[in-house]
Amino acid sequence: MKTQRVHYFCLCLFLGLLSQCKAPVPGPDLTRNWKASEVKEGTVIVYREGSLSNIYPGYSQFQMAFQQNSVTYTEFTGDTFTGTWELTNNNQNLTFRGLTPEPYGTEGLIEFTLLKWSTNQLVIRRNTLNPKTGDQVNEYTLIPK
């Protein structure tokens, strides 16, 4: 009887621990070309696709083209960089590594936080200040190109 209680207790403990395990969160499928729909530098909207009064119309060139393991990143200046990308921190962070040529002040590394994702929209915030935009933290709303 005592052995049966121990087995029952162990089974309950095992099932309790098993129920606490979480399946890995599937990552968003970013493998496509994305273009800027709206860009905020700090709290100011500086670009909105289709607007005639954009502060920085150069964001019409801004895009991120994701392949399986590589990314081609084009800034509002038209400068293009290539490197690798990965999602980390439970798919909350997007990191570009080994960007060449190196974007100014980045050492080839740019990190973003994924704020929102769907098949039709990607909203990300750059985690570091961008010296090309007056050292602002930028937020990008991207749509498929």
*Out of the residues in region 33-51 that are modelled with pLDDT of 95 or more and not in a strand (DSSP E or B), state the one that is farthest from Thr119 (Cα to Cα).*
Ser51
_Which residue is nearest to Ile55 (Cα to Cα), if the candidates are limited to region 116-145 and must be polar (S, T, N, Q) and loosely packed, with under 13 Cβ neighbours inside 10 Å?_
Asn120
*Does region 30-52 contain at least one residue that is touching a Pro at 6+ places or on another chain (Cβ under 6 Å) and charged (D, E, K, R)?*
yes
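In this structure, does Pro28 turn out to be surrounded by 14 or more Cβ atoms within 10 Å (Cβ to Cβ), at pLDDT below 95 and of a type outside the set (Lys, Arg)?
Working: surrounded by 14 or more Cβ atoms within 10 Å (Cβ to Cβ): yes; at pLDDT below 95: yes; of a type outside the set (Lys, Arg): yes.
The answer is yes for Pro28.
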*Would you be able to say whether some residue in region 52-73 is touching an Asp or Glu at 6+ places or on another chain (Cβ under 8 Å), under 17 Å from Arg32 (Cβ atoms), at pLDDT 95 or above and aromatic (Phe, Trp, Tyr)?*
yes
*Neighbours by Cβ (under 6 Å, 6+ apart or cross-chain): first from region 55-84, within 14 Å of Leu30 (Cβ to Cβ) and surrounded by 18 or more Cβ atoms within 10 Å (Cβ to Cβ); second among the hydrophobic types (A, V, I, L, M, F, W, C) and modelled with pLDDT under 95*: Phe66/Leu30
*Could you check region 74-145 for strands (runs of 3 or more DSSP E) lying wholly inside it with 2 or more residues that are of a type outside the set (Val, Ile, Thr), at pLDDT 95 or above and within 16 Å of Gln63 (Cβ to Cβ)?*
80-88, 93-100, 121-126, 138-144
*asked:* So for region 97-115 (the condition being of a type in the set (S, T, N, Q) and exposed (fewer than 12 other Cβ atoms within 10 Å of the Cβ)), does at least one residue qualify?
replied: yes
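The values are calculated or read from the model by the stated rules, or taken from the named source; none is laboratory data. What you see is a predicted model; the values in this text were computed from it and never measured. Neighbour counts run over all protein chains shown; Cβ positions are idealised from the backbone, glycine included.
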